[in-house]
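Student: Got a structure here, written out as structure tokens. Questions coming.
The values are calculated or read from the model by the stated rules, or taken from the named source; none is laboratory data. All figures in this text were calculated on a predicted structure; none of them were measured in a lab. No Cβ is skipped: glycine too gets one built from the backbone with ideal geometry, and neighbour counts run over all protein chains shown. Calculation scope for accessible area: heavy atoms of the full protein, side chains included, ligands and nucleic acids excluded. Shrake-Rupley method; radii C 1.70, N 1.55, O 1.52, S 1.80 Å.
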Amino acid sequence: MIEKNKEYIVEIIDTGYKGEGIAKIDNFTIFINDAIKGEKCKILILKVNKNFAYGKIIEIITKSKYRVEDDCTTYKRCGGCDLRHIDYNYTLTMKDNVVQNLINKTLSNIIKVDHTIGMEKPYYYRNKLQYPVGKGKDNKAVMGVFAKRTHEIIPVQNCLIQNKKAQEVANEILNIINKYNISVYDEKNQMGIVRHVIVKIGIHTNEIMCIIVVNEEDMKYEKEFVQDITRKYPEVKTIVKNINKRNTNVILGDKNVVLYGDGYIYDTLSEYKFKISPMSFYQTNPIQTEVLYKKAIEFANLNKNDILCDLYCGIGTIGIFASKYVKKVYGIEIVKEAAESANENAKINKVDNIEFMAGDVEKVFEKMLVEKNVTPTAIIVDPPRRGLDKNTINTILNLEVEKVVYVSCNPATQARDLQLLDEKYKVKAIQPVDMFPHTHHVENIVLLEKRTEH
């Protein structure tokens, strides 16, 4: 029997979904963070559950050839990246295997997963930075990331996956908070003003949006704050104060007050221009987003007679990308502000064969088909992490469209949904894309075709 606080020597025989190493002792599974398949390690057991245990490395006896020295000062404590100790190209193979294992477990027809498309330069790729702000030991404001599984803030000066300019601006915001002694939020007593700093940057336009998330309507030194930032960084096009008074882990509140500029910025993807607002979702790695969208559209093999439904369309990016290949696009997005931005983005790009509506896909997809008398010939879905709901799955099954492309940021819920769609749709191709280098996350595109056999 495996015992807590006891040491064991183990062989790492597999990789878990989150990139952790897996070992077995007498057929009992142990998950070990930072261990790599093929290594031999001395471990300490931290926790024992009924069917598995967690351990940590005390000593690496045989090192994997894929182990590298991590290049980040806060990596060991920060929860942002979890694979910096592994050779980047090998992490792509690990992602292939994660997706392949899920497919093998759930699908009736086993299909080979294509190799994950990686980044040529997997650094400084994030166009959105969001850091909690709190009080440091010297009573000064600190900003950074929460340490793994805690709410202790680790100060970050130079993150290797955040855009450099966004980081520079965030550091300046912290300096200004300390310069004017603006109070910062204390989670324990829910007092203090500044909770989070968010910086969004248009990678191709260099336009910057700063969002200061505050616990109260009024923030002292607002004018000075705006003046100091915009004087030093003219590329800051807008500054928004977001009010979030709730005791919650959700970063943004519902109310935005524009302190400077128009309250939005623009970025371009391929030949299209997109308006980005404080609340709208925009992919955080624009370089790989282009790769993802082009591959999804290639999979869909669209033509000028196609009627495409773009479900969970966000600010309309995939639908607008696809618009030039099809007769008509209908998009649905639950966040009202994002759906409004999607319609605006269509206008900005002079795309007139597209319509976006606000609403929950689960409730309005079927309704839209009836009211607008739409018979789609292709569907692209890009749902949140929880995947598709039963209603949407049933609607897709009943429609029996020729082509469905399923884009997912969570291959586990995607595999579950593919199983439910399996009675009428056959998986034809699977392409993972590395949207979040040096982390265990993987974005996955699956092409489904209507089954012809009865």
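Student: Got a sec? Charge dipole of region 231-277, +1 on Cβ for Lys and Arg, -1 for Asp and Glu; which of THR248, PRO234, TYR266 is way out at the positive end?
Tutor: Result: THR248.
Student: Please name which of ILE22, SER341, TYR325 has its Cα lying farthest along the dipole of the chain towards the positive end, using unit charges on Cβ (Lys, Arg +1; Asp, Glu -1) and the Cα centre as origin.
Tutor: Towards the positive end, the residue furthest out is ILE22.
Student: With a cut-off of at most 16 other beta carbons within 10 Å, and DSSP calling the residue loop, which GluC sites (Glu not before Pro) in region 1-102 qualify? Please list them.
Tutor: Details: sites: GLU3, GLU7, GLU11, GLU20, GLU39, GLU59, GLU69; in loops: GLU3, GLU20, GLU39, GLU69.
Of the GluC sites (Glu not before Pro), the ones in loops of region 1-102 whose Cβ has at most 16 other Cβ atoms within 10 Å are GLU3, GLU69.
Student: Using only alpha carbon positions, build the gyration tensor of region 37-125, then give the equivalent ellipsoid semi-axes as the square roots of 5 times its eigenvalues, largest first, whole angstrom. It would help to have the intermediate numbers written out before the result.
Tutor: Details: eigenvalues 129, 99, 35 Å².
They are 25, 22, 13 Å, listed from largest to smallest.
Student: Quick check on my link table: of LYS121/LYS350; LYS95/LYS426; LYS294/LYS347; LYS232/LYS273, which ones sit more than 31 Å apart, alpha carbon to alpha carbon? Present the calculation step by step, with values, prior to reporting the outcome.
Tutor: Numbers: LYS121/LYS350 33 Å; LYS95/LYS426 22 Å; LYS294/LYS347 21 Å; LYS232/LYS273 26 Å.
Pairs exceeding the cut-off: LYS121/LYS350.
Student: With a probe of 1.4 Å, find how much accessible area the chain has per residue, and write the answer as a whole number in Å².
Tutor: Details: 21700 Å² over 454 residues.
Accessible surface, normalised per residue, equals 48 Å².
Student: Please report, as a whole percent, how much of the solvent-accessible surface of the chain comes from carbon and sulfur atoms (probe radius 1.4 Å). Working shown, then result.
Tutor: Working: 10420 of 21700 Å².
Solvent-exposed carbon and sulfur of the chain make up 48 percent of the total.
Student: So which trypsin sites (Lys or Arg not before Pro) in region 368-403 are both in a DSSP loop and have at most 16 other Cβ atoms within 10 Å of their Cβ?
Tutor: Values: sites: LYS372, ARG385, ARG386, LYS390, LYS403; in loops: LYS372, ARG385, ARG386.
Taking region 368-403 and a limit of 16 other Cβ atoms within 10 Å, the loop trypsin sites (Lys or Arg not before Pro) found are LYS372, ARG385, ARG386.
Student: HIS204's amide H: which non-local residues (gap 5+, or another chain) put their own amide H closer than 5 Å, with H modeled 1.01 Å from N in plane and none for Pro or chain starts?
Tutor: HN-HN under 5 Å from HIS204: THR268.
Student: Considering only DSSP beta bridges with both partners in the chain, what is the antiparallel share in %, to the nearest 5? Mind showing how you got there, number by number?
Tutor: On the way: 65 of 97 bridges.
About 65 percent, rounded to the nearest 5.
Student: What does the highest-first list of 302-314, 115-127 look like by mean Cβ count within 10 Å? If you can, show how the numbers build up before the last one.
Tutor: Details: 302-314: 20.8, 115-127: 16.8.
Per-residue mean Cβ counts within 10 Å order the peptides as 302-314, 115-127.
Student: Take the alpha carbon gyration tensor of region 1-152, find the square roots of its eigenvalues, order them as a ≥ b ≥ c, and report rounded if a/c is under 1.5; if not, report prolate when a/b exceeds b/c, else oblate.
Tutor: Details: a/c = 1.84, a/b = 1.19, b/c = 1.54.
Verdict is oblate for region 1-152.
Student: What's the center-to-center distance, using Cα atoms, between region 193-245 and region 119-133 in Å?
Tutor: Answer, in whole Å: 18.
Student: Same structure, new question: Once Rh for region 151-251 is found with the Kirkwood sum over Cα pairs, what is the Stokes-Einstein diffusion coefficient at 37 °C and 0.692 mPa s, in µm²/s? Display every interim value, and only then the final one.
Tutor: Working: Rh = 14.3 Å.
It diffuses with D of about 229 µm²/s by this estimate.
Student: Out of the trypsin sites (Lys or Arg not before Pro) in region 49-115, which ones are loop residues according to DSSP with at most 16 other C-beta atoms within 10 Å?
Tutor: Details: sites: LYS50, LYS56, LYS63, LYS65, ARG67, LYS76, ARG77, ARG84, LYS95, LYS105, LYS112; in loops: LYS50, LYS63, LYS65, LYS76, ARG77, ARG84, LYS112.
Those satisfying the criteria are LYS50, LYS63, LYS65, LYS76, ARG77, LYS112.
Student: Specify, per residue and in Å³, the volume enclosed by the convex hull of the alpha carbon atoms belonging to region 128-194. Let's see the in-between values first.
Tutor: Working: hull volume 6.2 nm³, N = 67.
Cα convex hull per residue, to the nearest whole number: 93 Å³.
Student: For region 302-424, count all C-alpha to C-alpha pairs, find those more than 22 Å apart, and express that count as a whole percent of the total.
Tutor: Tail fraction, whole percent: 29.
Student: I would also like to ask the following. Per-residue counts of other Cβ atoms within 10 Å, averaged by peptide: what ranking do you get for 263-274, 180-191, 318-329, highest first?
Tutor: Values: 263-274: 17.7, 180-191: 14.7, 318-329: 22.2.
Ranked by mean Cβ neighbours within 10 Å, highest first: 318-329, 263-274, 180-191.
Student: Further question: In whole Å, what three semi-axes, largest first, describe the equivalent ellipsoid of the chain built from its Cα gyration tensor (square root of 5 times each eigenvalue)? Mind showing how you got there, number by number?
Tutor: On the way: eigenvalues 254, 240, 69 Å².
After diagonalising the Cα gyration tensor, the semi-axes are 36, 35, 19 Å.
Student: If you split all Cα-Cα distances of region 1-59 into 10 Å bins from zero, what percentages do you get per bin, shortest first?
Tutor: Distribution as computed: 27, 64, 9 percent.
Student: Oh, and also: Would you mind putting 247-255, 224-232, 288-296 in packing order, based on average other-beta-carbon counts within 10 Å, highest first? Before the final figure, lay out the partial values.
Tutor: Details: 247-255: 11.1, 224-232: 16.0, 288-296: 20.0.
Averaged packing, sorted descending, gives the order 288-296, 224-232, 247-255.
Student: Could I ask something else about it? Here is the link list: LYS42/LYS137; LYS56/LYS200; LYS165/LYS223; LYS76/LYS112. Which ones come out longer than 32 Å on Cα distance? Don't skip to the answer; put the middle values down first.
Tutor: Values: LYS42/LYS137 35 Å; LYS56/LYS200 36 Å; LYS165/LYS223 23 Å; LYS76/LYS112 34 Å.
Pairs exceeding the cut-off: LYS42/LYS137; LYS56/LYS200; LYS76/LYS112.
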